[in-house]
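To start, the structure itself, in structure tokens.
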Amino acid sequence: MLLDLFAGRKSVAVTFWLGFVTFGLILTGVLVLLRVLFFSATESTQAERIIIADISVRAFLVIYLVFLLRAVYRASSWQRHPNVWSWFAMGAVALGIMVQGWLLLPYVSSNMPASEAEVRADVFWLNRSLPQQLDNETQMLSVGLQGRDLVYEMSANVELSEDEIVGLQKKFENDLHNNHVLCRDMTSYFNGPVDNIVYTYVLRNLKHFEVRISKEECNDLLLGQN
């Protein structure tokens, strides 16, 4: 069946609906599942495996669509003059190749700018896995794109005086401004719609503070590392 389909021996309609729509929906479901697993991962090694799986599925999908485009073309070539439906099917598959290829590019180069739609999609899936306990005292509540700030809402189950809050804020700021991994991972966001990463902390006694790092500070940190 599949050999006949890729050889172009099936009709354009069968090739399109079975090869593009049905199989495409299955692979899209797999990608959605991987996205959910990624944002619910609690260990970095687990997240890295999921990223590798995601890249593999996306790369396979691009290659698959290239062969499917060839199959649609060969199926339409059985007709002396390809009709409107044949051109539509070829156009849809070609568009799928371009879209999936574009989505794969950020994995190949972290410098590729993320679009606002991509950032909001990541935010949506991350919020689906929240709230999430990060340690005995800290919990991540939500994340949102507010203007050009990517804001993480955190809660800390501690009570601190004003002086202690100032000390903790300075420690967190120092840790954040030396976080090479965060800056590297956020490069595509900074090249897109995000200017600042902000963490806001609410303490048990309802006092709060925030720490932030800008894309300029991250760029300087990464340049200094090199």
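The values are calculated or read from the model by the stated rules, or taken from the named source; none is laboratory data. Predicted model only: the values in this text are computed from it and were never measured. Here the Cβ positions follow ideal geometry from the backbone for every residue, glycine too, while neighbour counts run over all protein chains shown.
Just need a number here: residues in the range 167-176 that are touching a residue at least 40 places away in the same chain (Cβ under 8 Å) and surrounded by fewer than 16 Cβ atoms within 10 Å (Cβ to Cβ). Qualifying residue count for the region: 1.
For the range 199-216, the criterion of being within 24 Å of the chain's Cα centre (by Cα), among the basic types (Lys, Arg), surrounded by 15 or more Cβ atoms within 10 Å (Cβ to Cβ) and farther than 30 Å from residue 59 by Cα is satisfied by at least one residue. The residues of the range 200-226 that are out of contact with any Leu (no Cβ under 8 Å at 6 or more places or on another chain) and farther than 21 Å from residue 139 by Cβ, listed by number, are 214, 215, 216, 217, 219, 220, 221, 222, 223, 224, 225, 226.
Can you tell me which residue within the range 177-220, out of those that are modelled with pLDDT under 90 and of a type in the set (A, V, I, L, M), is nearest to residue 153 (Cα to Cα)? Residue satisfying both the conditions and the ranking: 206. Only one entry in 182, 134 is touching a residue at least 24 places away in the same chain (Cβ under 8 Å) and either of a type in the set (A, V, I, L, M) or within 22 Å of residue 51 (Cβ to Cβ) (or both), namely 182. Flag: residue 6 does not match the condition of being at pLDDT 85 or above, over 19 Å from residue 129 (Cα atoms) and either aromatic (Phe, Trp, Tyr) or surrounded by fewer than 13 Cβ atoms within 10 Å (Cβ to Cβ) (or both).
When residue 23 is tested against (1) within 29 Å of residue 122 (Cβ to Cβ); (2) loosely packed, with under 15 Cβ neighbours inside 10 Å, only condition (2) is not met.
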